[in-house]
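Novice: This is the structure, below, for whatever I ask next.
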């Protein structure tokens with residue numbers, strides 16, 4: 001196992017975070033673009049709804065990013081302890097998702113969520129020591 005201070009561990013955690021955030025943002029954007037499934041299904045049936053999802057490149061990119069993030073997580077777990085990799089990657093993904101929600105998806109991110117992101121960062125700092 002690699003030590004917590006090893007830069008390659010944090011590089012892999014960063015890779016997991018970037019890929020997971022890209023996947024989350026892409027999937028959210030795709031689902032907003034596709035619209036309400038009930039409306040699509042009412043117009044085109046279940047096959048039409050499936051075609052609408054699988055025909056959306058943003059959705060496919062999001063799924064690819066999420067799959068790559070999963071494999072990066074597996075790779076990181078072969079290097080470092082799960083007690084570091086799992087909480088750090090999940091927590092930092094929460095933080096980057098808050099930033100992406102605010103500036104890419106133009107969502108309203110309130111003070112409570114920003115406070116929670118700061119607390120998450122402090123928690124990652126604590127587990128990395």
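No value in this document is a laboratory result; all are computed from the given coordinates. On a predicted model such as this, the values are computed, not experimentally measured, just so you know. Note that each Cβ is placed from the backbone with ideal geometry, even for glycine, and that neighbours are counted across all protein chains shown.
Novice: Tell me, how many Å apart are the Cα centres for segment 53-129 and for segment 6-24?
Specialist: Each part reduced to its Cα centre gives a spacing of 8 Å.
Novice: Another question about this same structure. Need one number: nm distance between label points at residue 121 and residue 51, each 7 Å from Cα along Cα→Cβ, rounded to one decimal.
Specialist: Roughly 4.7 nm, to one decimal.
Novice: By how many nm would the segment from residue 36 to residue 113 grow when fully extended, if each residue of separation counts as 0.36 nm and the alpha-carbon distance is taken off? Provide the component values of the computation, followed by the final result.
Specialist: Details: separation 77, 0.36 × 77 = 27.72 nm, distance 2.66 nm.
That works out to 25.1 nm of additional length.
Novice: Relative to the longest principal axis of the C-alpha atoms of the chain, give the angle of the C-alpha long axis of helix 82-103, reported between 0 and 90° and rounded to the nearest 10°.
Specialist: 50
Novice: Sum -39500 (n - 2.57) across every DSSP H segment of at least 4 residues in the chain, then divide by the residue count to get the 222 nm mean residue ellipticity, nearest 500. Can you show the working numbers first?
Specialist: Details: 5 runs with 108 residues, N = 129.
My calculation for the chain gives -29000 deg cm²/dmol from helical runs alone.
Novice: Within 10 Å of each residue's Cβ, count the other Cβ atoms and sort 65, 119 from fewest upward.
Specialist: Values: 65 20, 119 12.
Fewest-to-most Cβ neighbours within 10 Å comes out as 119, 65.
Novice: What angle do you read, to the nearest 10 degrees and between 0 and 90, between the alpha-carbon axis of helix 57-79 and the longest principal axis of the chain?
Specialist: The angle comes out at about 20 degrees.
Novice: (1) 20.5, 66; (2) 19.8, 71; (3) 17.5, 56: which one is Rg and Dmax of the Cα atoms in Å as calculated from this entry?
Specialist: (3)
Novice: Same structure, new question: Relative contact order for the chain using alpha-carbon pairs under 8 Å, separation at least 6, rounded to a whole percent? Display every interim value, and only then the final one.
Specialist: Values: 125 pairs, mean separation 46.2, N = 129.
This gives 36 percent for the chain.
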